[in-house]
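Input: a single structure, listed below in C-alpha coordinates.
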Amino acid sequence: MTPEEFYKEIGADYQTALSRMMGNQGLLARMLKKFENDRNYEALEKAMEENDYEGIFAAAHTLKGVAGKKTAMCRAFFSRYGRHIGM
(Lines give C-alpha, C1' and ligand atoms only; values in the text may rest on other atoms or scores of the structure.)
Protein backbone atom coordinates (compact mmCIF):
# COMPACT_ATOMS: atom_id res chain seq x y z
CA MET A 1 0.00 0.00 0.00
CA THR A 2 1.36 3.43 -0.91
CA PRO A 3 1.23 6.33 1.55
CA GLU A 4 -1.43 7.98 -0.63
CA GLU A 5 -3.57 4.83 -0.53
CA PHE A 6 -3.07 4.58 3.23
CA TYR A 7 -4.24 8.14 3.81
CA LYS A 8 -7.25 7.58 1.56
CA GLU A 9 -8.16 4.40 3.43
CA ILE A 10 -8.08 6.10 6.83
CA GLY A 11 -9.86 9.20 5.54
CA ALA A 12 -6.94 11.56 6.15
CA ASP A 13 -5.50 14.33 3.99
CA TYR A 14 -2.51 12.97 2.07
CA GLN A 15 -1.60 16.34 0.55
CA THR A 16 -1.33 17.98 3.97
CA ALA A 17 0.86 15.16 5.27
CA LEU A 18 3.02 15.36 2.17
CA SER A 19 3.39 19.13 2.50
CA ARG A 20 4.58 18.65 6.09
CA MET A 21 7.37 16.51 4.66
CA MET A 22 8.28 19.27 2.21
CA GLY A 23 6.76 17.27 -0.67
CA ASN A 24 9.19 14.38 -0.16
CA GLN A 25 7.18 11.18 -0.78
CA GLY A 26 10.05 8.92 0.29
CA LEU A 27 10.38 10.72 3.61
CA LEU A 28 6.66 10.44 4.26
CA ALA A 29 6.81 6.70 3.54
CA ARG A 30 9.76 6.28 5.93
CA MET A 31 7.97 8.23 8.66
CA LEU A 32 4.89 6.03 8.30
CA LYS A 33 7.09 2.92 8.60
CA LYS A 34 8.47 4.26 11.89
CA PHE A 35 4.94 4.36 13.31
CA GLU A 36 4.28 0.85 12.08
CA ASN A 37 7.15 -0.37 14.28
CA ASP A 38 6.37 1.84 17.27
CA ARG A 39 5.34 -0.16 20.33
CA ASN A 40 3.01 2.62 21.44
CA TYR A 41 0.72 1.73 18.55
CA GLU A 42 0.53 -1.85 19.84
CA ALA A 43 -0.35 -0.47 23.28
CA LEU A 44 -3.12 1.60 21.72
CA GLU A 45 -4.53 -1.39 19.84
CA LYS A 46 -4.45 -3.54 23.00
CA ALA A 47 -6.14 -0.85 25.08
CA MET A 48 -8.83 -0.46 22.43
CA GLU A 49 -9.47 -4.22 22.34
CA GLU A 50 -9.83 -4.22 26.14
CA ASN A 51 -11.94 -1.03 26.29
CA ASP A 52 -9.25 0.40 28.58
CA TYR A 53 -10.06 4.07 28.22
CA GLU A 54 -7.18 5.27 30.40
CA GLY A 55 -4.79 3.09 28.38
CA ILE A 56 -6.26 4.43 25.13
CA PHE A 57 -5.72 8.01 26.29
CA ALA A 58 -2.17 7.32 27.47
CA ALA A 59 -1.11 5.51 24.29
CA ALA A 60 -2.77 8.06 22.00
CA HIS A 61 -1.16 10.92 23.91
CA THR A 62 2.25 9.27 23.61
CA LEU A 63 1.79 8.66 19.88
CA LYS A 64 0.79 12.29 19.42
CA GLY A 65 4.02 13.36 21.11
CA VAL A 66 6.09 10.96 19.00
CA ALA A 67 4.42 12.26 15.83
CA GLY A 68 5.06 15.87 16.79
CA LYS A 69 8.69 15.18 17.60
CA LYS A 70 9.30 13.32 14.33
CA THR A 71 7.56 16.03 12.32
CA ALA A 72 9.55 18.75 14.07
CA MET A 73 12.81 16.92 13.39
CA CYS A 74 11.95 16.66 9.68
CA ARG A 75 10.99 20.31 9.47
CA ALA A 76 14.21 21.35 11.22
CA PHE A 77 16.27 19.21 8.86
CA PHE A 78 14.65 20.60 5.72
CA SER A 79 14.72 24.18 6.91
CA ARG A 80 18.44 23.84 7.52
CA TYR A 81 19.52 21.61 4.63
CA GLY A 82 16.66 21.76 2.14
CA ARG A 83 18.26 24.37 -0.09
CA HIS A 84 21.38 22.19 -0.36
CA ILE A 85 19.45 19.17 -1.57
CA GLY A 86 17.13 21.00 -3.96
CA MET A 87 14.08 21.27 -1.71
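Anything in segment 10-19 that is modelled with pLDDT under 85 and either among the acidic types (Asp, Glu) or within 16 Å of Lys33 (Cα to Cα) (or both)? List them, or say none.
Once the filter is applied, which keeps residues that are modelled with pLDDT under 85 and either among the acidic types (Asp, Glu) or within 16 Å of Lys33 (Cα to Cα) (or both), segment 10-19 yields Ile10, Ala17.
Which of (1) on the phi > 0 side of the Ramachandran plot; (2) modelled with pLDDT under 85; (3) not aliphatic (A, V, I, L, M) is the odd one out, the single condition Tyr7 does not satisfy?
(1)
The values are calculated or read from the model by the stated rules, or taken from the named source; none is laboratory data. Because the structure is predicted, anything quoted here is derived from the model rather than measured.
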